[in-house]
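A quick write-up on the structure given underneath.
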Amino acid sequence: MTQQELAQNLFDRSTISKIENNELSTTYENKIKLITRLGLTPNEFEYISNSYQVGTKDQLLYRFLNLDDNVDQEEINGLLQDCIFVKNDEDIKRIVIILKISLAD
């Protein structure tokens, strides 16, 4: 896909070049439009942008969602400590609250 095709009806081609070279930022909505135009989901784009590594948030969400009834407090505490390092993320903040309540029982 050319820069012109990607930019169509959103930006001019030079704006795409500036975005690609980190010389210009755009709104979240326009980022989603560009990502979609590339035929990707936001999660796929993040994965590719992160050198084909699952991001920290996704790793923590996976660990949290896969906790079961047999989990011990040490595992919960380890996940809690890892979550505490993530800043400015509302989903992770909620997980921290749930894990703290779980450890308090």
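The values are calculated or read from the model by the stated rules, or taken from the named source; none is laboratory data. All values derive from a computational prediction rather than experimental measurement. Neighbour counts run over all protein chains shown; Cβ positions are idealised from the backbone, glycine included.
Quick notes on this one:
- Taken together, the residues in segment 51-80 that are of a type outside the set (A, V, I, L, M, F, W, C) and outside any helix (DSSP H, G or I) amount to 9.
- Entry remark, segment 10-24: residues being in a loop (DSSP other than H, G, I, E, B) and either modelled with pLDDT of 90 or more or among the acidic types (Asp, Glu) (or both) number 5 in total.
- Candidate set: segment 10-66, residues that are among the small types (Gly, Ala, Ser) and loosely packed, with under 13 Cβ neighbours inside 10 Å; chosen: the one farthest from the chain's Cα centre (by Cα): 14
- Hey, residue 59 among the polar types (S, T, N, Q), modelled with pLDDT of 90 or more and touching a helix residue (DSSP H, G or I) at 6+ places or on another chain (Cβ under 6 Å) or not: no
- Within segment 81-101, the set of residues being of a type in the set (D, E, K, R) and part of a helix (DSSP H, G or I) comprises 82, 90, 91, 93, 94, 100.
- Test: residue in segment 41-55 that is in contact (Cβ under 8 Å) with a residue 24 or more places away in the chain and out of contact with any Leu (no Cβ under 6 Å at 6 or more places or on another chain): no
- When segment 78-101 is filtered for residues that are over 12 Å from residue 56 (Cα atoms) and among the acidic types (Asp, Glu), the ones remaining, listed by number, are 90, 91.
- Of the residues making up segment 27-55, those that are touching a Phe, Trp or Tyr at 6+ places or on another chain (Cβ under 8 Å) and of a type in the set (Val, Ile, Thr) number 2.
- Of the residues in segment 31-50, at least one is in a helix (DSSP H, G or I), at pLDDT below 90 and among the acidic types (Asp, Glu).
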